[in-house]
Each structure stands twice: as C-alpha cells, then as structure tokens.
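Student: Take this structure first; my questions come after.
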Amino acid sequence: MASDLTAAPTASPDKGGAAPRDHAEQARRDRDERRRKWRSRFYRWDVKGSPYAFVSPFFLFFAAFGLFPLIYTAWNSFYRVELTNLDAREFVGWHNYTRLLQDEFFWNALKNTFTIGLISTVPQLLMALGLAHLLNYKLRGSTFFRVAMLVPYATSVAAATLVFTLMFGTDYGMINWALEHIGFSHHIDWRAGTWSSQIAVSSIVIWRWTGYNTLIYLAAMQAVPPDLYESAALDGASRWQQFRHVTVPMLRPTILFTVVVSTIGATQLFGEPYLFGGTGGEKGGSAHQFQTLGLYLYEQGWTNYHLGRASAIAWAMFLLLLLIAAVNGLLARWLRKSQ
Amino acid sequence: MAVIPSTRRVRVRSKAGKQLHAGPFAYGVLILFTAISLFPLIWTAIAASRTSGRLSQTPPPFWFGGNLFKNLGTAWTDANLSTALLNSAVVAGSITIGTVLFSTIAGFAFAKLRFRFKTFLLMLVIATMMVPPQLSVVPLFLWIAKLDWTNHLQAVVLPTFVSAFGVFFMRQYLEQALPTELIEAARVDGASSMRIVWHVVFPVARPAMAVLGMLTFVFAWNDFFWPIIALTQENPTVQVALTSLAHGYVPDEAVVMAGALLGTLPLLLVFIVFGKQIVGGIMQGAVKG
C-alpha cells in the first residue's frame with residue numbers, strides 16, 4: 001500500500017509534462033490519485049476504527065447506566081440522602097454501614113435471602129436435571145413437552161405471583177383444600193409462618209425457572225458424545241450408573257453455570273416476595289418473615305425515604321455477590337482437581 | 001476407548017449407542033410436569049371467569065364460569081390496562097430493537113474483527129453480566145428525578161437498551177456461523193465495514209437475531225423491579241398496573257386474575273407462534289454459553 005502511494009506521484013510528472021495537450025489527462029490522473037489516496041486512507045481508518053465504533057454503543061450505555069451508577073451508589077452510601085429532599089445531602093462517613101450492621105432487619109433479610117435461595121435453587125436444579133434426562137430419551141411429542149415446560153418462563157413475576165397467592169390462600173386456597181383431602185386437618189396460613197411463607201415464595205420461583213434450566217441441561221446432554229455411553233454400557237453400567245458417572249460429570253460446567261446464574265437470581269429476589277406480601281409487600285410479611293435483601297433495599301429507599309442507606313445495602317449486596325463469585329471459583333477449581 | 005477392537009465397537013454401537021426410548025415412567029413424569037407448568041395459567045383463566053365470591057368458597061372452581069368479560073372489562077378500566085399494554089409494547093419493542101441491533105454489531109466485532117484490547121473488552125462484557133440492576137438503582141432514580149423523567153418511558157427503556165448477554169450470544173453465534181473468508185472477500189471488493197455489516201453480517205445473523213429478539217422481548221415485557229420504581233400508576237407498564245390492581249384496598253380477586261390474564265396473554269401468543277424457536281434459542285445459547 002505504502003509503496004503504491006509514493007511511486008505514483010513520481011511517475012506522473014515525467015509522463016504528464018511531456019505534452020501540453022495532456023493537461024486534461026494530467027488533471028484526471030491527479031483526481032484519480034487523490035481519490036485513491038483518500039480511499040486507502042478511508043480504508044485504513046475504516047478497518048482500524050470500525051471495530052471500536054461497533055462495540056462503543058454497548059460500552060457507552062453500560063458506562064452511563066451500569067458502571068457510573070454503581071460507583072455513584074458507593075458515593076451515595078456515605079451520605080444522608082432523603083427522598084423527600086434530594087438536594088440536601090449530608091456527609092455521614094461509614095454511618096450508613098455501621099447502622100446497617102446493627103440493624104436486625106438487615107441480618108434477617110440476609111438470612112431470608114439465603115434460605116429462600118437455597119430452597120428454591122436446589123430442588124429446581126435437581127428437578128431440571130432429572131427432567132432433562134427424561135427429555136433426552138427418544139420421545140414422542142418432545143417439542144410439545146419442551147415448549148409447555150418453558151411456558152412459565154414467559155409468565156411475568158406479577159402474573160405468576162398473583163395466581164400463586166390466590167392458590168396459597170388460607171381459608172379457600174386450592175393448596176390447603178388439596179392438603180385437606182390428603183389428610184391435613186389444619187389449614188396452613190401460608191403468608192404468616194416463616195417456613196410456610198418462604199416455601200410459598202420459593203415455589204413461585206421454582207415454577208417459573210425449572211423449565212428454563214431443564215432446556216439448558218438438555219442442550220448440554222445432547223452434546224455428550226454417545227461413545228461415552230457405549231463404553232459405559234460395555235463396562236456393564238446400569239442406566240442410573242450411566243447417568244451418575246457419565247452424564248453428570250460431563251455436565252459439570254453447565255451445572256456450575258446454572259448454579260451461578262440461579263444464585264445471582266436468588267440474591268436479587270424481589271418481585272415474588274413483594275407481591276406475595278400483598279399491600280405493604282416491601283416489608284415481606286407482618287414480621288418480615290420473608291423480607292429479602294431486594295425488598296429491604298426498596299423499603300429503606302422508597303418507603304422510608306433513606307436513599308443513602310439503600311445505597312449501603314446495594315453495596316453490601318455487591319460484596320455478597322463478589323463473595324459468591326469467589327467461593328464459586330474455588331469450588332470450580334476444587335471440582336476440577338477432584339476429577 | 002482405543003483399546004476396544006473396531007469390529008466389536010461397530011457391533012456394540014447398534015445396541016448401546018442408540019438413543020433410549022422413553023418408557024411409561026418417563027411419559028408419566030413428563031406429563032405430570034407439563035400439567036404443573038400449564039395448570040396455574042389455565043386456572044388463571046378459570047378464576048378470571050368467576051366472581052370473587054365464588055373464589056372464596058371451597059372447593060375451588062375447576063371449570064369456567066360466565067363472568068370473564070365483565071372481569072376483563074373491570075380490570076381494563078381499573079388498572080389503566082389500555083395505557084399499560086401500549087406502554088409495555090413500546091418499552092419492550094424499543095429495548096428489543098436496541099439490544100438486537102447493538103448486540104449484533106458488537107458481537108460481530110468481537111467475533112471477526114481485530115482490534116486492540118479485544119480480549120479485555122470481551123471479559124468486561126462478560127463481567128457486566130454478573131452485576132445486578134439493583135446495585136445502580138439509587139443513582140438512576142436520582143437522575144430521572146432530576147431530569148423529570150419519572151413517569152416517562154425513556155426512563156425504563158434507556159437503562160436496559162443494551163445487553164451484555166446479547167453481545168455474548170451474538171458473538172458466539174457469529175464466531176461459527178459467519179465465514180471469515182466472506183468478510184475478506186467483501187473487503188477485497190472494496191466494501192466498507194458498514195456495507196459488510198448490512199450486506200453480509202445481518203443476513204447471516206438473522207436467525208440468531210430473531211431468537212435474541214424474542215428472548216429480549218420476553219425479558220423486557222416481564223421486567224419488574226426498575227419499572228415499579230421509575231413509573232407510577234398514571235403511566236404504567238403492565239407489570240406496574242398489575243401490582244396496583246393487587247394492592248388495592250379491597251382487591252377483587254376475580255378481577256385481579258383477569259388482569260393477570262391480560263398481562264400474560266400477549267406473551268403467550270408470542271409463545272404459541274414462536275415457542276419452538278425460543279426453545280431452540282435457549283438451548284443454543286446454553287451449549288455455547
């Protein structure tokens with residue numbers, strides 16, 4: 001490219017200068033030359049610059065609506081910022097954090113987030129694994145089963161929670177009615193108890209996400225080379241042994257992936273407990289028995305108007321996520337080693 | 001594996017390597033789970049067709065009553081659902097367009113173009129997938145309050161206008177679906193990057209764009225946390241409207257169910273039409289993800 005550019009100008013004078021009638025020819029050649037120069041410059045600029053142009057929208061939006069607010073949240077967490085008067089800010093140092101650590105409702109929310117996360121994620125992923133295994137058989141109507149199982153995923157948090165709330169009704173709810181039929185004489189007040197309410201909230205999560213995870217596992221199972229099953233069968237492994245010793249180990253990265261995604265989802269849990277709580281749902285029940293960290297943040301910020309405190313909760317959640325990521329990384333390493 | 005003599009292996013393949021047929025047990029379990037998946041939705045329709053009085057009786061109703069249209073009408077006016085449905089369509093539609101467009105060009109750059117800091121930037125994209133929206137909610141709220149955007153739809157659209165998952169998804173797809181020679185050939189023919197995107201990348205990426213579009217639409221339609229902070233009852237999305245319907249002082253349960261039905265129906269229609277593709281898309285994203 002560079003040799004073209006330097007060679008062209010030296011070539012034109014000794015040719016074009018020979019006869020005056022070549023003036024037009026000379027001008028045309030100059031024009032071509034300029035155009036070619038410009039084009040090659042444009043080409044280089046295009047090849048070098050356009051990758052950045054293509055990725056920049058994502059990063060601009062992310063910087064504006066993701067990264068900057070995250071840092072600004074940290075900044076806010078050192079101030080007293082009230083929703084009622086956004087312009088009156090007062091620096092309070094670590095006060096929001098120390099107050100948070102002394103707040104029993106923060107620890108309560110942390111504990112609830114953990115238990116609800118556990119009782120929603122573990123059964124969900126186990127069931128998804130089993131269902132994926134069944135769907136991996138040669139099956140009539142497999143597309144129907146797949147689509148039907150994914151339907152809850154298309155249902156919104158709001159719609160799903162409203163239906164489940166009605167079904168979990170104490171006196172006339174369908175679930176208590178069904179339990180009565182199998183011998184429970186005593187109606188469970190699903191919203192009032194700690195365990196009962198947390199199970200109810202988890203059941204909504206499980207209902208919405210099991211099908212989604214099933215499909216992810218199914219995809220991973222279909223990528224397992226059939227030879228592995230062949231040799232396992234040859235070694236006399238039963239179906240269950242094949243599942244345990246071939247399928248599950250091969251799915252390890254996928255399982256880890258779903259565990260991470262579900263854990264992140266569980267840390268953020270908000271809509272289900274919020275709506276399940278009915279009016280004043282941000283409290284997560286009369287005794288905060290199913291208040292999650294997300295609800296606690298919302299309550300502090302938008303019910304009690306303490307935006308600075310809400311920021312501190314947000315950062316506590318962020319640290320929690322980093323902790324989970326670290327534990328997860330260690331777990332992944334340990335799994336690889338033990339293999 | 002290598003120790004198995006080849007003749008023996010061929011004979012075995014016909015038996016053990018064959019995909020197993022599902023037995024009655026498998027069908028039973030799958031049908032049970034399908035029923036559990038579908039039941040709450042069917043029951044929403046049943047409850048929406050009854051009266052609130054009937055819903056507070058045992059046994060609960062298991063078949064449709066005659067009050068569906070009355071309840072739908074009440075939900076429609078009480079929860080401002082005409083505005084809400086339109087708003088949700090605008091919000092989900094804009095987010096879908098933004099996400100698909102920007103994800104495709106960024107995914108293309110990450111999959112096929114060479115530039116400095118590429119690996120680092122890609123790692124950054126993946127890292128942002130881990131950051132939940134709740135962490136930035138306070139400053140975002142302060143912003144929209146300052147800009148007087150509370151109740152305006154752009155307050156909901158802009159923060160989710162691009163998606164890290166989308167970029168990653170398109171990169172994985174284009175990495176293998178788009179032959180590098182095709183881009184080189186277009187370059188030799190003198191096509192600019194914009195022309196390559198338009199005439200080569202978009203046509204190749206179309207199936208993945210469709211899947212990403214549907215996933216994004218479902219996500220944006222169902223998004224809950226941020227809209228409930230950024231919008232109020234005067235200009236709600238469907239999810240915000242449903243919340244207010246349920247949090248009324250004396251919620252009429254049959255009407256609440258009618259609202260839930262109306263809020264879910266558009267997505268269910270999308271699902272009935274494109275369900276197979278959405279399933280395929282999720283599975284595709286999973287294997288490579």
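Student: Checking B:Ile272 against (1) more than 29 Å from B:Pro40 (Cα to Cα); (2) free of Cβ contacts under 8 Å to residues at least 24 places away in the same chain, which single condition isn't satisfied?
Tutor: (1)
Student: Regarding A:Trp190, is this residue surrounded by 20 or more Cβ atoms within 10 Å (Cβ to Cβ), among the aromatic types (Phe, Trp, Tyr) and touching a residue at least 40 places away in the same chain (Cβ under 8 Å)? Give the steps one after another, and end with the answer.
Tutor: On the way: surrounded by 20 or more Cβ atoms within 10 Å (Cβ to Cβ): yes; among the aromatic types (Phe, Trp, Tyr): yes; touching a residue at least 40 places away in the same chain (Cβ under 8 Å): no.
When the stated conditions are applied, A:Trp190 does not pass them.
Student: Kindly indicate whether any position in the stretch B:143-155 is touching a strand residue (DSSP E or B) at 6+ places or on another chain (Cβ under 9 Å) and at pLDDT below 90.
Tutor: yes
Student: Let me ask you something else. Could you check how many residues of the stretch B:230-271 are surrounded by fewer than 21 Cβ atoms within 10 Å (Cβ to Cβ), aliphatic (A, V, I, L, M) and under 23 Å from the mean Cα position of the chain (by Cα)?
Tutor: 4
Yes/no matrix, rows are residues, columns are (1) surrounded by fewer than 16 Cβ atoms within 10 Å (Cβ to Cβ); (2) at pLDDT below 85:
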position	(1), (2)
B:Leu41	no, no
B:Thr44	no, no
B:Phe64	yes, yes
B:Thr77	yes, yes
B:Asn87	no, no
B:Leu113	no, no
B:Phe117	yes, no
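Student: Also: Filter the stretch A:283-306 for residues that are more than 15 Å from A:Trp107 (Cβ to Cβ) and polar (S, T, N, Q); which is surrounded by the fewest Cβ atoms within 10 Å (Cβ to Cβ)?
Tutor: A:Ser286
Student: Still on this structure, I have one more. Can you tell which of B:Ala111, B:Ala89 is more than 8 Å from every other protein chain (Cβ to nearest Cβ) and over 22 Å from B:Thr180 (Cβ atoms)?
Tutor: Only one candidate passes the filter, namely B:Ala89.
Student: Here's a check for you: in the stretch A:208-235, which residue that is under 24 Å from the mean Cα position of the chain (by Cα) and at the interface with chain B (Cβ under 7 Å from one of its Cβ atoms) is surrounded by the most Cβ atoms within 10 Å (Cβ to Cβ)?
Tutor: A:Gly211
Student: Could you list, in sequence order, the residues of the stretch A:126-163 that are under 30 Å from B:Gly53 (Cα atoms) and either within 7 Å of chain B (Cβ to nearest Cβ) or of a type in the set (Gly, Ala, Ser) (or both)?
Tutor: Scanning the stretch A:126-163 gives A:Val151, A:Pro152, A:Ala154, A:Thr155, A:Ser156, A:Val157, A:Ala158, A:Ala159, A:Ala160, A:Leu162, A:Val163.
Student: I'm trying to understand the selection: among the residues of the stretch B:183-204, which are in contact (Cβ under 8 Å) with a residue 24 or more places away in the chain and either of a type in the set (D, E, K, R) or more than 13 Å from chain A (Cβ to nearest Cβ) (or both)?
Tutor: Listed by number, the list holds a single entry, B:Val204.
Student: Which residue pairs have Cβ atoms under 8 Å apart, sit 6 or more places apart or on different chains, and have a first residue in the stretch A:237-248 that is of a type in the set (A, V, I, L, M) and a second that is in a helix (DSSP H, G or I)?
Tutor: That search, which allows pairs on different chains as well, returns A:Ala237/A:His245; A:Ala237/A:Val246; A:Val246/A:Leu228; A:Val246/A:Tyr229; A:Val246/A:Ala232; A:Val248/A:Leu129; A:Val248/A:Ile255.
Student: Restricting attention to the stretch B:130-151, does a residue exist that is within 8 Å of chain A (Cβ to nearest Cβ), of a type in the set (Gly, Ala, Ser) and farther than 30 Å from A:His306 by Cβ?
Tutor: Checking the stretch B:130-151: not a single residue is within 8 Å of chain A (Cβ to nearest Cβ), of a type in the set (Gly, Ala, Ser) and farther than 30 Å from A:His306 by Cβ.
Student: Pick out the one residue from A:Ser202, A:Ser196, A:Ser185, A:Ser238 that is of a type in the set (Ser, Thr, Tyr), farther than 30 Å from B:Val256 by Cβ and away from chain B (no Cβ under 11 Å).
Tutor: A:Ser238
Yes/no per residue for (1) part of a helix (DSSP H, G or I); (2) surrounded by fewer than 22 Cβ atoms within 10 Å (Cβ to Cβ); (3) among the polar types (S, T, N, Q):
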residue	(1), (2), (3)
A:Asn112	yes, no, yes
A:Ile116	yes, no, no
A:Pro123	yes, yes, no
A:Arg140	no, yes, no
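Student: Quick check on my filter: what residues within the stretch B:260-281 are facing another protein chain (nearest Cβ under 8 Å) and not basic (Lys, Arg)?
Tutor: Result: B:Ala260, B:Leu261, B:Gly263, B:Thr264, B:Leu267, B:Leu268, B:Val270, B:Phe271, B:Gly275, B:Ile278, B:Val279.
Student: Of all residues in the stretch A:142-180, which are assigned to a helix (DSSP H, G or I), over 15 Å from B:Leu32 (Cα atoms) and not aliphatic (A, V, I, L, M)?
Tutor: Scanning the stretch A:142-180 gives A:Thr143, A:Tyr153, A:Thr161, A:Phe164, A:Thr165, A:Asn176, A:Trp177, A:Glu180.
Student: Follow-up. Of all the residues that make up the stretch B:151-175, how many are over 30 Å from B:Val200 (Cβ atoms) and in contact with a Pro (Cβ under 8 Å, 6 or more places away or on another chain)?
Tutor: Here the count works out to 2.
Student: Having 1 or more residues that are more than 30 Å from A:Gly173 (Cα to Cα) and free of Cβ contacts under 8 Å to residues at least 60 places away in the same chain is the bar; report the helices (runs of 4 or more DSSP H) wholly within the stretch B:9-124 that clear it.
Tutor: Helices (runs of 4 or more DSSP H) meeting the threshold: B:24-48, B:81-112.
Student: Ok, one more. When A:Ser40 is evaluated against the numbered criteria (1) exposed (fewer than 14 other Cβ atoms within 10 Å of the Cβ); (2) within 13 Å of chain B (Cβ to nearest Cβ), which criterion, by number, is the only one it fails?
Tutor: (1)
The values are calculated or read from the model by the stated rules, or taken from the named source; none is laboratory data. Here the structure is a predicted model, which means the values were calculated and not measured. Here the Cβ is made from the backbone with ideal geometry for all residues, glycine too, and neighbour counts use every protein chain on show.
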